[in-house]
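Q: A single structure is presented below for examination.
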Amino acid sequence: MSDSTTLSLPPGEDIIIDYHQLEAVLAKLEGLVESNGNVFKAKFPDQDSWVYNICDPEMAKHILVSNYKNYKKGVGIKQINVLLGRGIIVSEGDLWKRQRKMMQPLFGNKLLTQQLPLMIRCADKLLASWDDDIKAGKPINITESMSQTALDFILHALFSEDLDRIIAETGENPFLMVTDDSARDLLFARRFRQLTHLVNDMMQRRRAENRWPEDLLSMVMRATDKRSGDAMPEKLQIDEILTLIIAGHETTASVLNWTWYLLAQHADIEQQVLAESLQHMPADDMPSMENSEQLQFIRQVLDESMRLYPPVWVLTRQAIEDDHFNGIDIPAGTDMLIPPYLVHRNPAYWPDPEKFDPQRFSPENIKKQHIGAYLPFAIGPRRCIGDSMAIQEMALHISRIIQKVHFELLPDQTVELEPLVNLRPKQDIFLQATYR
């Protein structure tokens, strides 16, 4: 495109934002949306190129769906690359297309059915771990608990018997660093990448023993390209497994943390969740997929929780070639910042946006929802590959636990947002738990 003086650019000529200081960005964007509207530009302190900040669902749809081929991952992707290698979250172009086509079929109904018993076992294990504290009247650290149970599920879904073997042989779970270290900086990335040796060892042992447990590691190892029949290179298999650990743990942990926090403050909604669970889920026996599919209101609660507290609060893209949308020029190389946290609070699409109201996601209301107004798993071809598994895992978790335990928010507890890569509370949230 020609010189910026002849371009039609969004407002924000004098706005400077240090996007590297991620924790401070959300608060700054909130104020700027009020004064500049839902699309505005800003600059890094030390750069001349613009970053477009987009809280408009129509423009979000254009970037993520209608013209997605013109946009690659944007600001911050290099740091994530160090963490996840070339997994599908960060890969681009032909590699991404090939990997996506190989990975997508793994997350179908067969996997959901296969993993259902594990989802229930993880919820029951968590309940058992709380027993002494509940009987003693000691508050539950719900943030820590959700992180632990989410990691427990994704690791067993990935490695099944091999995880148990490693823990038995070494006396520890080497993957616990994911919950022990909340930072996602370069130091963490380097430590996390050291786990590639462990994953590679598991893969080699399975091949040598011709042993294929029904878990995601086996599925990734045996996935093939439909056209060529080729499997993924081993390094890419490992990258995808490490990607699934991070994505499968952090999204679920975040959503469950905020969902219990919200339910603890809304007794009427909690009672509706309890009633649905009692109607459709056996209290102690193993539920069926038919039982799981009946948890409609619980899924609405999860959707509304993700509207208010989307686990990934910001999405980034970068224009590959010049583009134009709704009177705005987008020069090639422009970084685009789309914060679902603010898109989900756009009052033109979400009346009374701060209210916790699961009825927004009733079947009749979903039909009227704008595709670009709700982005917890992103939208378009790069939508989260494991969203269905995550939703089922969380719905079963809520349903199983709510039959046994009632939570209340501790009084005088400060809950502040920590908007880093994932949307976390700055301080762990504690809930008072009592048996029903």
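Q: Within the set of pairs 6 or more residues apart or between chains, which connect a residue that is at negative phi inside segment 260-277 to a residue that is among the charged types (D, E, K, R) and surrounded by fewer than 19 Cβ atoms within 10 Å (Cβ to Cβ) with Cβ atoms less than 6 Å apart?
A: Going by the 6 Å Cβ cut-off, the qualifying pairs are 264/408.
Residue by residue, here is whether (1) hydroxyl-bearing (Ser, Thr, Tyr); (2) surrounded by 19 or more Cβ atoms within 10 Å (Cβ to Cβ); (3) out of contact with any helix residue (DSSP H, G or I) (no Cβ under 7 Å at 6 or more places or on another chain) holds:
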| residue | (1), (2), (3) |
| --- | --- |
| 195 | no, no, no |
| 207 | no, no, yes |
| 211 | no, no, yes |
| 220 | no, yes, no |
| 228 | yes, no, yes |
| 241 | no, yes, no |
| 249 | no, yes, no |
| 252 | yes, yes, no |
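The rows are residues; the columns are (1) at pLDDT below 90; (2) surrounded by 19 or more Cβ atoms within 10 Å (Cβ to Cβ); (3) over 18 Å from residue 389 (Cβ atoms).
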{"residue": "174", "(1), (2), (3)": "yes, no, yes"}
{"residue": "190", "(1), (2), (3)": "yes, no, yes"}
{"residue": "199", "(1), (2), (3)": "no, yes, yes"}
{"residue": "234", "(1), (2), (3)": "no, no, yes"}
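Q: Of (1) assigned to a helix (DSSP H, G or I); (2) under 17 Å from residue 314 (Cβ atoms); (3) basic (Lys, Arg), residue 41 satisfies all except one. Which?
A: (1)
Q: Quick check on segment 385-403. Is at least one of its residues in contact with a strand residue (DSSP E or B) (Cβ under 8 Å, 6 or more places away or on another chain), in contact (Cβ under 8 Å) with a residue 12 or more places away in the chain and surrounded by 18 or more Cβ atoms within 10 Å (Cβ to Cβ)?
A: No, segment 385-403 has no match at all.
Q: Could you please find all residues in segment 275-300 being among the aliphatic types (A, V, I, L, M) and buried (at least 21 other Cβ atoms within 10 Å of the Cβ)?
A: Within segment 275-300, 281, 295, 298 meet the criteria.
Q: Residue under question is residue 98, and the condition is that it be among the charged types (D, E, K, R), closer than 21 Å to residue 234 by Cα and surrounded by 18 or more Cβ atoms within 10 Å (Cβ to Cβ); does it hold?
A: Details: among the charged types (D, E, K, R): yes; closer than 21 Å to residue 234 by Cα: yes; surrounded by 18 or more Cβ atoms within 10 Å (Cβ to Cβ): yes.
It is true that residue 98 is among the charged types (D, E, K, R), closer than 21 Å to residue 234 by Cα and surrounded by 18 or more Cβ atoms within 10 Å (Cβ to Cβ).
Q: Can you tell me which condition residue 265 does not meet? The list is (1) modelled with pLDDT of 95 or more; (2) of a type outside the set (Asp, Glu); (3) assigned to a helix (DSSP H, G or I), and all the others hold.
A: The one condition residue 265 does not meet is (3).
Q: Something else: I need every pair where a residue in segment 424-435 that is in contact (Cβ under 8 Å) with a residue 60 or more places away in the chain and over 12 Å from residue 142 (Cβ atoms) has its Cβ under 8 Å from the Cβ of a residue that is assigned to a strand (DSSP E or B) and β-branched (Val, Ile, Thr), sequence separation at least 6 or different chains.
A: From segment 424-435, the pairs are 434/405; 435/405.
Q: May I pose another question? In the set 144, 172, 214, which member is more than 21 Å from the chain's Cα centre (by Cα) and under 30 Å from residue 429 (Cα atoms)?
A: The conditions single out 172.
Q: Now for a different question. Give the residues of segment 214-239 that are part of a strand (DSSP E or B) and not polar (S, T, N, Q), sorted by residue number.
A: Within segment 214-239, 231 is the sole residue that qualifies.
Q: Checking residue 153 against (1) surrounded by 13 or more Cβ atoms within 10 Å (Cβ to Cβ); (2) free of Cβ contacts under 8 Å to residues at least 12 places away in the same chain: exactly one of these is not met. Which one?
A: (2)
Q: Out of the residues in segment 85-123 that are among the basic types (Lys, Arg) and touching a residue at least 40 places away in the same chain (Cβ under 8 Å), which is farthest from residue 219 (Cα to Cα)?
A: So the residue we want is 86.
Q: Being within 18 Å of residue 289 (Cα to Cα) and surrounded by fewer than 20 Cβ atoms within 10 Å (Cβ to Cβ), is that true of even one residue in segment 132-145? Even if it seems obvious, please write down each step before you answer.
A: Going through segment 132-145, the residues within 18 Å of residue 289 (Cα to Cα) turn out to be none.
Looking through segment 132-145, none of the residues is within 18 Å of residue 289 (Cα to Cα) and surrounded by fewer than 20 Cβ atoms within 10 Å (Cβ to Cβ).
Q: Same structure, new question: Check residue 253 against each of (1) among the small types (Gly, Ala, Ser); (2) assigned to a helix (DSSP H, G or I); (3) more than 30 Å from residue 415 (Cβ to Cβ) and name the one condition it does not meet.
A: (3)
Q: Additional query: Which residue out of 265, 204 is over 16 Å from residue 88 (Cβ atoms) and more than 27 Å from the chain's Cα centre (by Cα)? Step through it out loud before you land on a result.
A: Numbers: 265 fails: more than 27 Å from the chain's Cα centre (by Cα).
Only one candidate qualifies: 204.
Q: If a residue counts only when it is more than 18 Å from residue 249 (Cα to Cα) and among the hydrophobic types (A, V, I, L, M, F, W, C), which helices (runs of 4 or more DSSP H) contained entirely in segment 92-182 have at least 3 such residues?
A: Working: elements: 93-103, 109-136, 142-159, 161-170, 177-180.
Output list reads 93-103, 109-136, 161-170.
Q: What about residue 332, is it out of contact with any helix residue (DSSP H, G or I) (no Cβ under 7 Å at 6 or more places or on another chain), of a type in the set (A, V, I, L, M) and closer than 25 Å to residue 34 by Cβ?
A: For residue 332, the condition - out of contact with any helix residue (DSSP H, G or I) (no Cβ under 7 Å at 6 or more places or on another chain), of a type in the set (A, V, I, L, M) and closer than 25 Å to residue 34 by Cβ - is not met.
Q: In addition: Among the residues in segment 93-100, are any closer than 26 Å to residue 291 by Cα and either of a type in the set (D, E, K, R) or within 22 Å of the chain's Cα centre (by Cα) (or both)?
A: no
Q: Assuming residue 179 fulfils every condition listed in (1) hydroxyl-bearing (Ser, Thr, Tyr); (2) surrounded by 15 or more Cβ atoms within 10 Å (Cβ to Cβ); (3) more than 20 Å from the chain's Cα centre (by Cα) apart from one, which condition is it?
A: (3)
The values are calculated or read from the model by the stated rules, or taken from the named source; none is laboratory data. Please read these numbers as outputs of a predicted model, since none were measured by experiment. In this analysis, Cβ positions are derived from the backbone assuming ideal geometry, glycine residues included, and neighbour counts consider all displayed protein chains.
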